[in-house]
Amino acid sequence: MAMCPNCGKEIQTPSKEWDLGKIHVKQYECCGKKFREYEKKV
Ligand SMILES: [Zn+2]
């Protein structure tokens, strides 16, 4: 879950997600903008 930096709304489902080496990237979309959240893989 991520929070939109623009309107503060919580978004549960990423529109896209992928792995980047040891990082798992989740991309969210809101207010016509995209923002990302990074998770370290164990
Ligand atoms: Zn928003």
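The values are calculated or read from the model by the stated rules, or taken from the named source; none is laboratory data. The model shown is predicted, which means the values in this text are computed figures rather than measured ones. Every residue, glycine among them, receives a Cβ derived from its backbone with ideal geometry; neighbour counts consider all protein chains shown. Ligands, DNA and RNA are stripped out before the accessible areas are found, and what is left, the full protein with its side chains, is counted by its heavy atoms. Shrake-Rupley method; radii C 1.70, N 1.55, O 1.52, S 1.80 Å.
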Note to self: For region 14-29, check the following and say yes or no: at least one residue is among the polar types (S, T, N, Q) and not in a strand (DSSP E or B).
What the structure shows: yes
Next item on the list: Filter region 1-13 down to residues that are of a type in the set (A, V, I, L, M, F, W, C), near the ligand (Cβ under 10 Å from one of its atoms) and not in a strand (DSSP E or B), then give me how many there are.
Entry: 2
Notebook entry, point to check: Which one is farthest from Ala2 (Cα to Cα) among residues in region 30-39 that are within 9 Å of the ligand (Cβ to nearest atom) and open to solvent by 40 Å² or more (accessible area, probe 1.4 Å)?
Noted result: Gly32
Notebook entry, point to check: Can you find even one residue in region 15-23 that is within 14 Å of the ligand (Cβ to nearest atom) and surrounded by 11 or more Cβ atoms within 10 Å (Cβ to Cβ)?
Noted result: yes
Checklist line | Selection count, region 1-12, where residues are open to solvent by 100 Å² or more (accessible area, probe 1.4 Å) and within 20 Å of Lys41 (Cβ to Cβ) | finding: 1
